[in-house]
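Participant: Got a structure for you, written out below as structure tokens; questions coming shortly.
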Ligand code: GLY
């Protein structure tokens, strides 16, 4: 027989139920909530994040870590970090001096995500601005949109006070473009498919011959940070695939592909062949794997295996039947645990990390031994 509750008991039990409900909400959120005490602040980036200084005395990861641990917003710190790389004329895969498209024009892509604000901004195929990551940040801060492209992105940047230049080529990037043009002679390839294949092959042969740094062929810096209070943010910026068809946009400015951030879980971003990553939206996939409990390394490896499984076209396979391109993920979870995983890695394949112990270049964990340039 059910016992009737008095009003007082009813109110008490209601309050208890409400308390339980609130508590169960807290419990439901608990697996992905990390208390600030357990956070290890960290910045992780592609290897160029601890290589280029643009004539200064700090690398990207050093600057970003210094700023965010001094109380600056995590995303603003990361963008200030990648700006060193964007402005460095000797980094031919990002920003100023990035290798140009097939017409000899430098077109840049970038995106950024702010974990706690749950906002993002991106630009694609923007010309004439050396620092596309800052423009992506302005899209996030000053518009209701996520992605601006081409002339519209440039007009927006002009209106926001960015300097617009006629040409972002350096002597190095222009010379390399002329060498590529010399190698392809389009009049021999009237079939557009063959011409595109020849264009890619000519580019890869320039990497094999050491004329282009293999990291610069697809370019890109990705940089993610977990701040002292557990805020997670990320940014990716690139000049994209060298000698691309004008207007081609890769994975870098596409949310879920070149970058994904979830403030309750972590961040992932990429460098390498954008088309392969876009097909699987791998940065989103990596973050979702971590949400299900995977470590940063296992989550990144799962994405690489997915990409390998999706690579079925003969032209994209090497003599071992494996993907004939590079693809790397830089992964951080909410605790500040990190991993850099890559389809291939050689001795010189590194990723950058900065913690309270300083900046380091650490070996990437490969899915397969060797280099994507191996025949
Ligand atoms: N991951 C850079 C690009 O494919 O454009």
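Participant: If I fit a long axis through the Cα atoms of helix 74-87 and take the longest principal axis of the Cα atoms of the chain, what angle between them do I get, 0 to 90°, rounded to 10?
Facilitator: Long axis of 74-87 versus the principal axis of the chain: about 10 degrees.
Participant: One-quarter of the Cα convex hull surface for the stretch 244-330, in nm²?
Facilitator: The number I arrive at for the stretch 244-330 is 5.8 nm².
Participant: So how do 343, 113, 140 line up by other beta-carbon neighbours within 10 Å, fewest first?
Facilitator: Ascending number of Cβ neighbours within 10 Å: 140, 343, 113.
Participant: For the chain, what is the relative contact order in percent, using Cα pairs closer than 8 Å and at least 6 residues apart in sequence? The partial results should precede the final answer.
Facilitator: Values: 898 pairs, mean separation 74.0, N = 375.
Reported relative contact order: 20 percent.
Participant: Taking R0 as 45 Å, what's the FRET efficiency between residue 360 and residue 183 from their Cβ-Cβ distance, rounded to 0.05? Can you show the working numbers first?
Facilitator: Values: r = 38 Å, r/R0 = 0.85.
Computed FRET efficiency for residue 360 and residue 183 comes out at 0.75.
Participant: Working out 0.36 nm times the residue gap between residue 201 and residue 90, then minus their Cα-Cα distance, what length gain in nm do you get to one decimal? Display every interim value, and only then the final one.
Facilitator: Values: separation 111, 0.36 × 111 = 39.96 nm, distance 2.38 nm.
Full extension from residue 201 to residue 90 adds 37.6 nm.
Participant: Taking the DSSP beta bridges in the chain as the whole, what percent of them are antiparallel, to the nearest 5? Present the calculation step by step, with values, prior to reporting the outcome.
Facilitator: On the way: 50 of 58 bridges.
Of the beta bridges lying entirely in the chain, close to 85 percent run antiparallel.
Participant: Provide the packing ranking of 285-298, 142-155, i.e. peptides ordered by the mean count of other C-beta atoms within 10 Å per residue, highest first.
Facilitator: Numbers: 285-298: 19.6, 142-155: 15.8.
Going by the mean number of other Cβ atoms within 10 Å, highest first, we get 285-298, 142-155.
Participant: Considering only 183, 320, 158, give the residue with the highest GNM mean-square fluctuation for the chain, with springs between Cα atoms whenever their separation is below 10 Å.
Facilitator: 320
Participant: Enter the Cα centre distance for the pair the stretch 192-259 and the stretch 113-127, rounded to the nearest angstrom.
Facilitator: The stretch 192-259 and the stretch 113-127 have Cα centres separated by 17 Å.
Participant: With only alpha-carbon atoms in the gyration tensor, what are the semi-axes of the equivalent ellipsoid for the chain, in Å, largest first? The partial results should precede the final answer.
Facilitator: Numbers: eigenvalues 336, 105, 76 Å².
For the chain, the semi-axes come out at 41, 23, 20 Å.
Participant: Given R₀ = 35 Å, FRET efficiency for residue 142-residue 213 by Cβ-Cβ distance, to 0.05?
Facilitator: Details: r = 35 Å, r/R0 = 1.00.
Rounded to the nearest 0.05, the efficiency is 0.50.
Participant: Next question, about the same structure. Report, in whole Å, the centroid distance computed from the Cα atoms of the stretch 276-340 and the stretch 59-111.
Facilitator: Each part's Cα centre sits 23 Å from the other's.
Participant: Additional query: Give the calculated FRET efficiency between residue 279 and residue 57 to the nearest 0.05, with a Förster radius of 56 Å applied to their Cβ-Cβ distance. Present the calculation step by step, with values, prior to reporting the outcome.
Facilitator: Details: r = 41 Å, r/R0 = 0.73.
In this case the efficiency is close to 0.85.
Participant: OK, next. Run the simple label-point estimate for residue 40 and residue 316 please: 7 Å along Cα→C-beta, distance reported in nm.
Facilitator: 3.5 nm
Participant: How big is the Kirkwood radius of the stretch 86-181, worked out from every pair of different alpha carbons and given in Å to one decimal?
Facilitator: The answer is 13.5 Å.
Participant: If contacts are Cα pairs under 8 angstrom and at least 6 residues apart, what is the relative contact order of the stretch 247-375 in percent?
Facilitator: Values: 248 pairs, mean separation 27.5, N = 129.
Over the stretch 247-375, the number comes to 21 percent.
Participant: Still on this structure: Helix 282-291 sits at what angle to the longest principal axis of the chain, using alpha carbons and giving 0 to 90 degrees rounded to 10?
Facilitator: 20 degrees
Values in this text are rule-based calculations from the coordinates and carry no lab data. This structure is a prediction, so every number in the text was calculated from the model and none was measured. Using ideal geometry, Cβ is built from the backbone for each residue, glycine included, and neighbour counts are taken over all protein chains shown.
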